[in-house]
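Down below is the structure, laid out as C-alpha cells.
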Amino acid sequence: MPHHLSVRIDPNSGFCFGVIYAIQMAEDILDEQGYLYCLGDIVHNDEEVQRLEARGLRIICHEQFAQLREEAVLIRAHGEPPSTYQMALQNNLTLIDASCPVVLKLQNRIKTSYDKQERIFIYGKHGHAEVLGLLGQTSGNAVVFENLAELLSHELPANITLYSQTTKSTDSFYRIKGELEQRGYQINANDTICRQVSNRDKDLRRFAAQYDQIVFVSGTKSSNGKVLYQVCQETNPSTHFISKVEELRAEWFQPGQSVGICGATSTPLWLMENVRDALLAL
C-alpha cells in the first residue's frame, strides 16, 4: 500500500477582493446577456480566462476596443488610463468599471501629484496593465522603473515623489526609498502597496515552512505570482511552480510527504482544488 500524501491548500491564497469583485461582476452580466467584452485579460490566469470565455466573455485589446460601438465593456481590476474613458464616450460604449478601489485611489493620488507638477517616479513593471493606467494620470510623464539600478540610470531631480504599483513588495519599496535618501535626495514616498498583497508575504512564509513540498499555482503572466513564488522558494527550497494540473510530476513527491498548495492573488480556488485532488490521487 502506498503511503498517500497529506495535502492542504493555503487558506490565505487565491483571489484578492479586487479580482473577486471583477469576476463576480462579469459572471452576473454573462448570466444576464450571454456575452460581455472585457478590455485585456480579466485576470492574469489563463485557466480562469478560459473558464470565463466558455461562458461568453470576449477578451479584446485596445485596438479592438477602438473599433467597438454601442457595446458594454468591462474594465478589469487593474484599471485603465483616462484615454480609455474618453474613447468610450466618443464611441458610445458603456463601461462596466471593475477597477480595484486600491488602484483607483492610487490613480487619484498620482493625478493630484501630477497637477502639483511634482516629479513622479513609479516603482513597477514596464507595460503592466496597472502601470499603464497610472502613467495615464500623468499624460505619460512619470518615470517607471523596475529596480534601483534602473532608477539611478535616470537624471534624478533633488525632490522625488515616489509611488509604487500596488502589488510590489513593501520591503523593496522601503529599501529603494532608504537608498535614495542616503544619496541625499528628498523623497516624498507614497506607500500605495495593497496590504492584502503585502500581508501574504508573511502568511506565505509561515505556511511554506510547514510542509515537505510546496506546489505554487499561478499564471505565468502574474507579476504577483512571480514575487510570491520567490517568497515560497526562499522559505522552502522544495517549491514547484505550475500553471495547470497537467504540469504536476509524481516524481517530485515521496510517499507520506506533506504538501502545501498556494497561489497568487490571481489564482482561482477551483484550480488549487483540482491540484489538490490530483495530488491525492497519486
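The values are calculated or read from the model by the stated rules, or taken from the named source; none is laboratory data. Because the structure is predicted, anything quoted here is derived from the model rather than measured. Don't worry about glycine lacking a Cβ; one is built from the backbone with ideal geometry, like all the others, and counts go over all protein chains shown. With ligands, DNA and RNA removed, areas are computed over all heavy atoms of the protein, side chains included. Shrake-Rupley method; radii C 1.70, N 1.55, O 1.52, S 1.80 Å.
Overview of results
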| item | result |
| --- | --- |
| Whole-angstrom gap from the range 224-255 to the range 124-141, using each part's C-alpha centre | 31 |
| Estimated [θ] at 222 nm from DSSP helical runs (n ≥ 4, -39500 (n - 2.57)) normalised by residues in the chain, nearest 500 | -13000 deg cm²/dmol |
| Two-site FRET efficiency, C61 against H154, from Cβ-Cβ distance with R₀ of 51 Å, rounded to 0.05 | 0.95 |
| Among D171, D41, D203, residue whose mean-square fluctuation peaks in a GNM of the chain (springs only between Cα atoms under 10 Å) | D171 |
| Gain upon complete extension [D203, I20; 0.36 nm per residue less C-alpha separation] | 63.9 nm |
| Equivalent ellipsoid semi-axes, the chain, via Cα gyration tensor eigenvalues times 5, rooted, Å | 35, 28, 12 |
| Percent RCO, i.e. relative contact order, over the chain, from Cα pairs under 8 Å lying at least 6 residues apart | 24 |
| Among V231, V103, V19: highest mean-square fluctuation, GNM of the chain, C-alpha pairs under 10 Å | V231 |
| Positive minus negative residues near L30 (Lys, Arg vs Asp, Glu; Cβ under 12 Å) | -2 |
| Per residue value of the accessible surface for the range 30-146 (all protein chains in place, 1.4 Å probe), Å² | 47 |
| Surface share of carbon and sulfur [accessible, 1.4 angstrom probe, percent] for the chain | 49 |
| Label zone at T170 (point 7 Å along Cα-to-Cβ), backbone N below 18 Å, the range 98-117 | 102-103, 106 |
| Accessible-area value, I59, 1.4 Å probe, nucleic acids and ligands omitted, Å² | 40 |
| Rounded FRET efficiency, nearest 0.05, which uses the C-beta distance separating Q233 from H126 and R0 of 22 Å | 0.40 |
| Per-residue HN-Hα couplings for the range 6-14 [Karplus 6.51, -1.76, 1.60; θ = phi - 60°; Hz; x = Gly/Pro] | 9, 10, 9, 8, 4, x, 8, 8, x |
| Per-pair calculated FRET efficiency, R0 = 22 Å: K226 and Q186 via Cβ, rounded to 0.05 | 0.10 |
| Number of Lys pairs (Cα under 13 Å; 8 or more positions apart or on different chains) in the chain | 4 |
| Sum of side-chain charges, R206 neighbourhood, beta-carbon under 14 Å (Lys, Arg +1; Asp, Glu -1) | 0 |
| Rel. contact order, % - alpha carbon contacts under 8 angstrom, at least six apart, the range 151-247 | 26 |
| Of every Cα-Cα pair in the range 187-282, the percent that sits beyond 19 Å | 41 |
